[in-house]
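Data first, discussion second: the structure below is written as structure tokens.
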Amino acid sequence: MSGGGTFIGDQLILEEEYDENYIPSEQAEVQDYAREIGIDPNTEPELLWLAREGIVAPLPSQWKPCQNVNGDIYYFNFSSGESTWDHPCDEYYRKLVLQERERAKLAAAAAGTGTAKEEKRKRRDQR
């Protein structure tokens with residue numbers, strides 16, 4: 001985000017500096033963001049692509065990064081008047097994580113490798 005900007009009252013309206021070629025560091029940024037959107041990088045590496053995509057997502061056009069008098073960054077939607085501390089795309093990616101988990105469960109169940117079938121098989125094998 002740019003250091004310059006426009007003041008509205010005591011709030012600084014910043015401009016996003018979006019770099020479509022930016023590649024975040026896998027260990028620090030991607031894994032931290034994965035946790036932020038509800039992915040456990042250790043047990044769900046198959047979902048890390050969502051974190052890689054989400055961390056570089058640009059702000060939707062109606063949103064601007066802003067800075068309050070304490071120096072904290074928040075996001076403001078100039079169309080709706082909504083503000084949030086989280087990047088506006090974070091909730092979208094949290095929902096995608098849930099959808100991908102559900103899709104994976106359905107695919108596993110369809111392939112006969114769902115957890116319910118595995119549990120039933122384990123109980124049968126223990127007899």
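Values computed for the structure shown
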quantity: Residue within segment 87-101 that is surrounded by 12 or more Cβ atoms within 10 Å (Cβ to Cβ), within 19 Å of GLN11 (Cα to Cα) and more than 12 Å from the chain's Cα centre (by Cα) present; calculated: no
quantity: Restricting segment 59-74 to residues that are in contact (Cβ under 8 Å) with a residue 24 or more places away in the chain and out of contact with any Asp or Glu (no Cβ under 7 Å at 6 or more places or on another chain), the residue that is farthest from CYS89 (Cα to Cα); calculated: ASN68
quantity: Check on ALA57, surrounded by fewer than 11 Cβ atoms within 10 Å (Cβ to Cβ) and modelled with pLDDT under 95; calculated: no
quantity: Filtered residue count, segment 51-94, keeping only those that are at positive phi and polar (S, T, N, Q); calculated: 0
quantity: Count - residues of segment 6-46 that are at positive phi and either among the polar types (S, T, N, Q) or more than 17 Å from the chain's Cα centre (by Cα) (or both); calculated: 1
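The values are calculated or read from the model by the stated rules, or taken from the named source; none is laboratory data. These figures come from a predicted structure and were not determined experimentally. Positions of Cβ are generated from backbone atoms using ideal geometry, with glycine treated the same way; all protein chains shown enter the neighbour counts.
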